[in-house]
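Undergrad: Handing you a structure now.
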Amino acid sequence: MNSRFLKTVAIILNSTQFGEGHKLVRLYTESLGRTDASAFGARKTKSRFGSRLEPFTEGIVLLYRKGETSPYAIRDIDVTHHNDAIRGELDKFLIGTACIETVIRYVEREHHDFELFRVLSDTLQALNSVPSEKSVYLLSMYDIKFLSIMGYRPDMERCAKCSTLIQNSEVYSDSVSGFPLCKGCCISSSGPVETGALRFIEWAFNSSIPQAGKVTMQRTTLQQVRQIIEHLYLCTFQKVPESWHQLQTLV
């Protein structure tokens, strides 16, 4: 194929309008990582793209550019996963948006990571099919895997601050030093992490995304899992995804 063309599997993250009926589409691709591409005429009534450039859609995209420093344009997309149910249910839409935001906010442009692409792809496909009440478990599993891929997988047996061995009954977390922490290193006033939350986090690191659909846990356990994930984001990135503010009713 001409070097000006590139065919790659891609997930549509979001898009913005520009010009007379055009879109600037943000993609996460197997070949390029996160990149932007123009879709000329995509907003016109008789556009050849139709609804194929909606967020959460995955497909094989044909990109074109005039030269090595020129921006890409989307010539065609062959959809493999529409993931329509995510756009059709509010809970799933909020969860899907939270997953996509991590790639937009924390992943460098053109940072290529095949494992991250597969995790995001698997998460969106699972989210499309699982019952809505399971979607927050799926998000938690995705967040844990995302942090691990980005290089922030904690050692579950040692304090993240002082490296001493810690027992399951004496594990803590806070937004400054992260997780897990011994009691002496934790500056938070909250109590120790319960065993159920610890088991879920360790299980999530080593299990496949679709298994999240089989998870059940008490509300208090889920809230503690989400708190630990929040602490890890704050410790590593100094901020949490903005879309999390809309998830309060789900946790």
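Readers should treat all values here as calculations from the given coordinates under stated rules, not as data from a laboratory. For clarity, every value in this text was computed on a predicted model and none was experimentally measured. All Cβ positions, glycine included, derive from the backbone under ideal geometry; neighbour counts span all protein chains shown.
Undergrad: Expected output is a single nm value to one decimal: the length gained when fully extending between S207 and L90, i.e. 0.36 nm times separation in residues minus the C-alpha distance. What is it? Write down the numbers at each step before the final one.
TA: Values: separation 117, 0.36 × 117 = 42.12 nm, distance 2.66 nm.
Full extension from S207 to L90 adds 39.5 nm.
Undergrad: Can I ask one more? So if I restrict to the alpha-carbon atoms in the stretch 146-202, what is the Rg, and what is Dmax, the biggest pairwise distance, in Å?
TA: Taking only Cα atoms of the stretch 146-202, I get Rg and Dmax of 10.7, 30 Å.
Undergrad: Given 0.36 nm per residue, what is the gain on full extension from L24 to K214 after removing their alpha carbon distance, in nm?
TA: Roughly 64.6 nm would be gained on extension.
Undergrad: I'd like the FRET efficiency for R48 and K239, computed as 1/(1 + (r/R0)^6) with the beta carbon distance as r and R0 of 45 Å, rounded to 0.05.
TA: Working: r = 39 Å, r/R0 = 0.87.
With R0 = 45 Å, the Cβ-Cβ based efficiency is 0.70.
Undergrad: Hey, another quick one. Tally Lys/Arg at +1 and Asp/Glu at -1 over every other residue whose Cβ is under 15 Å from the Cβ of R153; what's the total?
TA: Values: positive: K145, R158; negative: D113, E115, D143, D155, E157, E202.
Residues close to R153 contribute a combined charge of -4.
Undergrad: Binning at 10 Å from 0, report for the stretch 193-251 what percent of all alpha-carbon pair distances ends up in each bin.
TA: Whole-percent P(r) values from 0 Å outward: 20, 48, 32, 0.
Undergrad: Okay, next question. So which of K23/K44; K134/K239; K145/K183 end up more than 18 Å apart by C-alpha? If you can, show how the numbers build up before the last one.
TA: Numbers: K23/K44 10 Å; K134/K239 25 Å; K145/K183 26 Å.
Violating the 18 Å limit, Cα to Cα: K134/K239; K145/K183.
Undergrad: Take the alpha-carbon centre of the stretch 45-95, take the same for the stretch 97-120, and report the distance between them in whole Å.
TA: First find each Cα centre; the distance between them is then 16 Å.
Undergrad: Oh, and also: How far is helix 219-237 tilted off the main Cα axis of the chain, in degrees rounded to 10, range 0 to 90?
TA: On a 0 to 90 degree scale, this one is about 70.
Undergrad: State whether the chain is rounded, prolate or oblate according to the following rule on the C-alpha gyration tensor (a ≥ b ≥ c being the square roots of its eigenvalues): a/c under 1.5 gives rounded; otherwise a/b larger than b/c gives prolate, and the remaining case gives oblate.
TA: The shape class here is prolate.
Undergrad: Give the angle, between 0 and 90 degrees and rounded to the nearest 10, that separates the Cα long axis of helix 195-206 from the longest principal axis of the Cα atoms of the chain.
TA: Rounded to the nearest ten degrees, it is 40.
Undergrad: State, to one decimal in nm, how far the label point of S190 lies from the label point of V251, with both points 7 Å from Cα in the Cβ direction.
TA: Label at S190, label at V251, 0.8 nm between them.
Undergrad: So what's Rg/Rh here for the stretch 85-179, counting alpha carbon atoms and using the Kirkwood radius for Rh? Please list the in-between numbers first.
TA: Values: Rg = 15.8 Å, Rh = 15.0 Å.
Reported Rg/Rh (Cα atoms, Kirkwood Rh): 1.05.
Undergrad: Relative to the longest principal axis of the C-alpha atoms of the chain, give the angle of the C-alpha long axis of helix 90-106, reported between 0 and 90° and rounded to the nearest 10°.
TA: Taking Cα atoms only, the helix is inclined about 90 degrees.
Undergrad: Another question about this same structure. Residue by residue, what Karplus-based ³J(HN,Hα) values in Hz, rounded to whole numbers, does the stretch 123-130 have, using 6.51, -1.76 and 1.60 with θ = phi - 60° and x for Gly and Pro?
TA: Each residue of the stretch 123-130 in turn: 5, 5, 5, 5, 4, 5, 10, 6 Hz.
Undergrad: Counting each pair of different Cα atoms once, what's the Kirkwood radius of the stretch 5-82 in Å, rounded to one decimal?
TA: Working: mean 1/r = 0.0816 Å⁻¹.
It works out to 12.3 Å.
Undergrad: Also, quick follow-up: Ordered by packing density, taken as the mean number of other Cβ atoms within 10 Å over each peptide's residues, highest first, how do 168-179, 66-77 rank?
TA: Working: 168-179: 18.9, 66-77: 13.7.
Per-residue mean Cβ counts within 10 Å order the peptides as 168-179, 66-77.
Undergrad: Where does each of 80-86, 119-125, 149-155, 109-115 land if you order them by average Cβ count within 10 Å, highest first? Spell out each step's value before the answer.
TA: Numbers: 80-86: 17.1, 119-125: 21.6, 149-155: 14.6, 109-115: 12.6.
With the highest mean Cβ count within 10 Å placed first, the list reads 119-125, 80-86, 149-155, 109-115.
Undergrad: Using only C-alpha atoms and all pairs of different ones, pull out the Kirkwood radius for the stretch 65-137 in Å with one decimal. Walk me through the intermediate numbers first.
TA: Values: mean 1/r = 0.0705 Å⁻¹.
By the Kirkwood definition, the hydrodynamic radius is 14.2 Å.
Undergrad: Please identify every one of the trypsin sites (Lys or Arg not before Pro) in the stretch 180-222 that sits in a loop by DSSP and has no more than 14 other beta carbons within 10 Å of its own beta carbon.
TA: Values: sites: K183, R199, K214, R219; in loops: K183.
Answer by residue number: K183.
Undergrad: Would you mind computing, in nm to one decimal, how far apart the modelled labels at R4 and R153 are, each placed 7 Å from Cα along Cα→Cβ?
TA: Distance between label points: 4.4 nm.
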